[in-house]
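Below: one structure, written as structure tokens.
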Amino acid sequence: MSIALYIHIPFCVKKCNYCDFNSFEALELIPAYLEALKKEISDLKGKGYTVSTVYIGGGTPTILKDEELVSLLEILHQSVHITSDAEVTIEANPGTLTRQKLLSLKTMGINRLSLGLQAYQNRLLKIMGRIHTVEEFEKNYETARKIGFDNINVDLMFGLPEQQVEDFYKTLEYLVGLCPEHISCYALSVEDGTPFYRLWQKGALPLPSEEDEREMYHRAVEFLTGKGYNHYEISNFAVSKRESKHNMVYWSYKDYLGLGAGAHSFFNNERFYNYTLIPAYIKSIQKSSSAVAYLEKICIEEQQAEFCFLGLRLLKGLSKEAFCRRFNKEITQVYGNVIGKLKKQGLLRENQKYLKLTTQGLDFANAVFVEFMP
């Protein structure tokens, strides 16, 4: 059975001011965590999984020592069959990479890097609480290229405190000059429990206007497509044949397994996730070899809704044929009224094969997605 595999490394040198991901600064827990994670990975042995994509995310996976990363990857290769053409990605923050670490990753089969730049202005990086400078990013990127990494994604954020439209445009210009194969552009979301949220509650977070934030997104679409990048998903752009295979599994509503603290899985129409806190995760693995904290069987109505709003994230659109194949009914039998309403509002369009968000629909994507919920 072919699956995608996500592996979570929940450690950071320092949490960024906007981050609500499952990550912690408790670096002293790394050895015990890795032992538990290796056990969870080893338990996949003999289950007949063929892995088509691997994504090692965080946190900051490259916070691990070279030997820790190598040991983890060795266990992975021993436990599952990773196809020869598999996309194997690791997230990396500038400031945690060395030439030796990059060499080790390359040797162990990592063939795609995802680097978190976020902004080209050091003043904005400081506001965000990032641990790196633009200069460190440049050095890491250049070293990765010299070592032979030929598939690099760079993450950017827009709508940041004190960020001007021109700041973001300069970031885009700078980045395109480096020619990464993939660029992700995410709007800042001020999440509960973060330092940014606490500032926002006090009225002390100087965010751009909604109009400026939308202008940044539109600039990204216009500029990157003009430079040869395919805008293939709401927030993602890639040169030819370098779309993220791993993320396409999510958007295509296919099976994936998540390993590590707080990792989520979707398998056989069931959704489950591991204990979030590191001590609870370790204890559960030691006790029962499983870290699953919650499991739910997804009803058919929810499956249909999720299939639709994930598929609509893709610029090519939601395949009407794929919906019919999966659920044995035409999409109009389930969502005819919704589709008609959204088309009248100018948020959705369709052709013989696909339903797609319009340009306006991209700006109001979440409002479109809600319409499909049961």
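All of the numbers you see were taken from the coordinates with simple rules; none came from a lab. Since the model is a prediction, treat every value here as computed from it, not as a measurement. With ideal geometry, Cβ positions are generated from the backbone for all residues, glycine too; neighbour counts draw on all protein chains shown.
Applying 0.36 nm per residue to the separation of Lys353 and Arg123 and subtracting their alpha-carbon distance, the gain on full extension is 78.1 nm. Estimated at 0.36 nm per residue, the fully extended path between Leu277 and Glu191 surpasses their Cα-Cα distance by 29.1 nm.
From the cross-link list Lys126/Lys316; Lys14/Lys202; Lys47/Lys101; Lys245/Lys320, which pairs have alpha carbons spaced over 26 Å apart? Too far apart for the 26 Å limit: Lys126/Lys316; Lys47/Lys101. Loop-located trypsin sites (Lys or Arg not before Pro) across region 24-59 with a Cβ neighbour count of 15 or fewer within 10 Å are Lys45, Lys47, with loop assigned by DSSP.
GNM on the chain, alpha-carbon springs under 10 angstrom: the most fluctuating residue among Gly116, Gly258, Gly361 is Gly361. Here each label is just a point 7 Å from Cα along the line to Cβ, and for Ile147 and Asp212 those points are 3.8 nm apart.
Each Lys and Arg adds +1 at its Cβ and each Asp and Glu adds -1 at its Cβ; summed about the Cα centre, region 281-331 shows a dipole of about 220 debye. With a simple spin-label model that places each label point 7 Å from the Cα along the Cα-to-Cβ direction, the separation between Glu67 and Glu222 comes to 5.5 nm.
Over region 300-371, all Cα pairs binned in 5 Å intervals from 0 give whole-percent P(r) values of 3, 18, 32, 29, 14, 3, 0, listed from short to long. Note on Phe327 and Gln201: their simple-model spin labels are 3.9 nm apart, each label 7 Å out from Cα toward Cβ.
Only the Cβ atoms of Lys and Arg (+1) and of Asp and Glu (-1) were treated as charged; on that basis the dipole of region 300-371 about its Cα centre amounts to roughly 320 debye. Rounded to the nearest 20, the Cβ-based charge dipole of the chain about its Cα centre (Lys and Arg +1, Asp and Glu -1) stands at 700 debye. In region 300-371, if the dipole is taken from +1 on Lys/Arg beta carbons and -1 on Asp/Glu beta carbons about the Cα centre, which of Ile300, Tyr335, Gln360 is farthest to the positive end? Checking the options against the dipole of region 300-371, the answer is Gln360.
Of the three principal axes defined by the Cα atoms of region 253-318, the extents in descending order read 44, 23, 15 Å.
Think of the chain as a dipole: +1 on every Lys or Arg Cβ, -1 on every Asp or Glu Cβ, centred on the Cα centre; then among Leu310, Gln118, Thr50, Thr50 lies furthest on the positive end. Here the Debye sum runs over all C-alpha atoms of the chain as equal scatterers in vacuum, and log10 of I(q)/I(0) at q = 0.06, 0.07, 0.15 Å⁻¹ comes out as -0.24, -0.32, -1.56. Taking the inverse of the mean reciprocal distance over all distinct Cα pairs, the Kirkwood hydrodynamic radius of region 215-352 comes to 17.7 Å.
Shape summary of region 25-143, radius of gyration then Dmax from alpha carbon positions: 15.6, 51 Å. Multiplying the residue separation of Phe267 and Asp20 by 0.36 nm and subtracting their alpha-carbon distance yields 86.4 nm. A DSSP coil position with no more than 15 other Cβ atoms inside 10 Å describes the following GluC sites (Glu not before Pro) in region 276-374: Glu330.
Using the reciprocal of the averaged 1/r over all distinct C-alpha pairs, how large is the Kirkwood radius of region 133-216 in Å? Value: 14.6 Å, from the Cα pair sum. Estimated translational diffusion coefficient (Stokes-Einstein, Kirkwood radius over Cα pairs, 25 °C, 0.890 mPa s) of region 332-374: 236 µm² per second.
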